1. Condition first: closer than 14 Å to A:ASP61 by Cβ and more than 8 Å from chain B (Cβ to nearest Cβ). Now tell me which residues in the stretch A:167-179 satisfy that.
2. Just to be sure, is A:LEU87 out of contact with any helix residue (DSSP H, G or I) (no Cβ under 7 Å at 6 or more places or on another chain) and outside any strand (DSSP E or B)?
3. Residue under question is B:ASP176, and the condition is that it be charged (D, E, K, R) and either more than 14 Å from chain A (Cβ to nearest Cβ) or over 24 Å from B:VAL254 (Cα atoms) (or both); does it hold?
4. Can you find a residue in the stretch B:41-64 that is under 16 Å from B:LEU91 (Cβ atoms), of a type in the set (Val, Ile, Thr), assigned to a helix (DSSP H, G or I) and open to solvent by less than 90 Å² (accessible area, probe 1.4 Å)?
5. Is there any pair with a first residue in the stretch A:208-225 that is within 21 Å of B:LEU79 (Cβ to Cβ) and assigned to a loop (DSSP other than H, G, I, E, B) and a second that is of a type in the set (D, E, K, R) and at pLDDT 50 or above whose Cβ atoms are under 6 Å apart and which are 6 or more apart or on different chains, and what are they?
6. Only one of these is away from chain A (no Cβ under 11 Å), closer than 20 Å to A:LEU169 by Cβ and surrounded by 15 or more Cβ atoms within 10 Å (Cβ to Cβ): B:LEU34, B:LEU75, B:LEU70, B:LEU79. Name it.
7. Pick from A:ILE254, A:ILE250, A:ILE229, A:ILE260: which is modelled with pLDDT of 50 or more and assigned to a helix (DSSP H, G or I)?
8. Of all strands (runs of 3 or more DSSP E) completely enclosed by the stretch A:94-166, which ones contain at least 1 residues that are closer than 23 Å to A:THR183 by Cα, facing chain B (nearest Cβ under 9 Å) and open to solvent by less than 10 Å² (accessible area, probe 1.4 Å)?
Amino acid sequence: MNLEIVPISRKEFLKEYGILFVRNNCIFYTMVKVSLLIASVIIVAVMIPIHSSLGSSRTLDLIVYPDGSTHISTQIDVDPLANNYELELFGSTIDNLVVVDENEFLLDVDILDDSALITTFGSSIIFVDYDIHDLVSKQNRVWTFSLNSPSDFTLLLPKNSAIVGMTNLPIDMQLINEQNLLTLSSGETEIDYIFSTNNIFTPLEQTDTTLNFDYFLYLLIGGIVIIIIIIILITKTKRKSVKSISETKIIDPIQKNEIIDTETIFKLKPNIREDDKEIVKFISSKGGQVFESELRKKFLQPRTTMWRAVKRLERNGIIEIEKKDLQNLVKLRKNIEEEE
Amino acid sequence: MNTLTFFVIFVLVFGILFTSLINDVYAQNNPDILIHIATQADKQIQNQLNEIFNNSIPVEIKLLYDKGHLSVKSLKNSLPDDVEKSKKDFLTAMKSFKQISKIISKSTSTTKITTSEISEIDFSSQLDRLEKYIKTLKTISKKHDTSVDFTKVYDLFKDARNQVNNGVGNPSETIDQLKYHIISIEEKIRNSSSHGLSDRIKQFVNKQVNSIEEKLEKALESGATKTQIDKAHKLIEEIRDLISKNQISDAKIVFHELNKLLRNIELSVD
């Protein structure tokens, strides 16, 4: 008796000398369920904005007064199912705190050091306004604004102030009533400014937004081009497969004529098992060739059992196995030799 | 796996990446603004150096200024073609100017003071901030049609401004009066708008209490002590009673207590 030890998984790739060959792409197909993968990507895509929105600032606007005190206005998305929301303030010296919800109802707030516990009771958006004295320090003539912001923010500097030092790049800048309005990105920011009696305000030239726009445009065009290329590739691949199918369809009748009928096969191979005979009949009914997956579906057999049956038929010289589209194509042989 | 699946995955992944790329690109490029800020800073530092040192600028500062000034020049030249270089030039220039400002400040003053230490004396800024505060309250008042009278507050603002601008009277006293009135206005608005808020809180608390009751049942099954569960049920009864009597503020307090107890129950079960 010729016993063959076959590993449980991916036996198709076990070659005759017993070495286990595993194709990387097949690992992907085997291990990753397509539906699961798509569902995961969709969940990630949906969760990213939700995750980044709940409990985070939608807007953050700061106004620095000439005495260095700063007014903060922020709009925050909060969990409508929560009773309260703990807001981290930018310091502990707070004045004139007002918190309202989306319906402009004044909400109760308890301040503890540099955090505020806001009783939201079902609100989904809150608007917080307060003055703070911890963000600006002064040494001689130089005022220093420092903030570690969790989000991008705008900063309106006082009238007649001139920036003389900065630690990071601004996103944008406008001049409003002789006041610099900067848009800055999240993270640590330190800006030094002085008050100058000299005429420091030169009109801000028309901002060259073309560069900005260009980058955006290039990215957009790039993205569209990639999508188009992929669509073309997909269409071409489909056409090819359609062609090959049609070609096979043309060839099929010729092959059909050449296929030996099942009765002859069974006469030539009388020792064939009954269940294997059913497989042969099915292959024959399908024009002499089927994918192994089709056989599994038809006979409701596990992958291993069907693979064994197919291998048995191959050993008996009844069928031959070909690889097509990364699948096993099982074909009835045209020349079947009589069993000895 | 068919090609359509690949395509769907690609679109989703590309969509996620593309949105983050847009933000990134937007946040990093606005070249003319960089030139404007750097040139302004250059001029200011130059003025300051001339004012303080005249023609005898210390070598250390001179070197820093030259470095900053050259970076501003390079920034102008590198735009619009080399955005990356312009960013580097901008940061180099601004850091050099910042260092110069620090050195100058240290040489003339030893202590660094925070705003809270100086805000007391700047009545004008204080009034600006209070005005913004009252403006916010007025918007809320208008929205809820509270008919709160703001006349007295605006009169006080007028008086305080006059006192600050003309240097007469005691602006500090007027500002204290203003603060007192603002607090009472806020209280009035809170009371006037409380009806609408109460309705929303009632709905919220009722919904939450129902879900808490379900949680308590599960907690009891999971081995929470009966004493704790009974206590929670008592609090729920109390909340319902307070809500029916329209005592929303008290209901809120008991609700917070219930939430604390629920957290303890959940912890004991875990």
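1. First pass over the stretch A:167-179, keeping only residues closer than 14 Å to A:ASP61 by Cβ: A:171-172, A:174, A:176, A:179.
Residues satisfying the conditions are A:GLN174, A:ILE176, A:GLN179.
2. Numbers: out of contact with any helix residue (DSSP H, G or I) (no Cβ under 7 Å at 6 or more places or on another chain): yes; outside any strand (DSSP E or B): no.
It is false that A:LEU87 is out of contact with any helix residue (DSSP H, G or I) (no Cβ under 7 Å at 6 or more places or on another chain) and outside any strand (DSSP E or B).
3. Details: charged (D, E, K, R): yes; either more than 14 Å from chain A (Cβ to nearest Cβ) or over 24 Å from B:VAL254 (Cα atoms) (or both): yes.
In short, yes.
4. So the first thing to find is which residues in the stretch B:41-64 are under 16 Å from B:LEU91 (Cβ atoms), and the list is B:41-42, B:45, B:64.
Remaining after also requiring of a type in the set (Val, Ile, Thr): B:45.
Next, from what is left, pick out any that are assigned to a helix (DSSP H, G or I): B:45.
Adding the requirement that they be open to solvent by less than 90 Å² (accessible area, probe 1.4 Å) leaves B:45.
Looking for residues that are under 16 Å from B:LEU91 (Cβ atoms), of a type in the set (Val, Ile, Thr), assigned to a helix (DSSP H, G or I) and open to solvent by less than 90 Å² (accessible area, probe 1.4 Å), one finds at least one in the stretch B:41-64, hence yes.
5. Within 6 Å, the pairs are A:ASP208/B:ASP32.
6. Values: B:LEU34 fails: away from chain A (no Cβ under 11 Å); B:LEU70 fails: surrounded by 15 or more Cβ atoms within 10 Å (Cβ to Cβ); B:LEU79 fails: away from chain A (no Cβ under 11 Å).
Result: B:LEU75 is the single residue among B:LEU34, B:LEU75, B:LEU70, B:LEU79 that is away from chain A (no Cβ under 11 Å), closer than 20 Å to A:LEU169 by Cβ and surrounded by 15 or more Cβ atoms within 10 Å (Cβ to Cβ).
7. Working: A:ILE254 fails: modelled with pLDDT of 50 or more; A:ILE250 fails: modelled with pLDDT of 50 or more; A:ILE260 fails: assigned to a helix (DSSP H, G or I).
Matching residue, one of A:ILE254, A:ILE250, A:ILE229, A:ILE260: A:ILE229.
8. Where strands (runs of 3 or more DSSP E) fall fully within the stretch A:94-166 and carry at least 1 residues being closer than 23 Å to A:THR183 by Cα, facing chain B (nearest Cβ under 9 Å) and open to solvent by less than 10 Å² (accessible area, probe 1.4 Å), they are A:125-132, A:136-139, A:142-149, A:161-166.
The values are calculated or read from the model by the stated rules, or taken from the named source; none is laboratory data. Remember, predicted model here, so these are calculated numbers, not experimental data. A quick note on method: Cβ atoms are made from the backbone with ideal geometry, for glycine too, and the neighbour counts reach across all protein chains shown. To get the accessible areas, we keep the full protein, side chains included, count just its heavy atoms, and leave off ligands, DNA and RNA. Shrake-Rupley method; radii C 1.70, N 1.55, O 1.52, S 1.80 Å.
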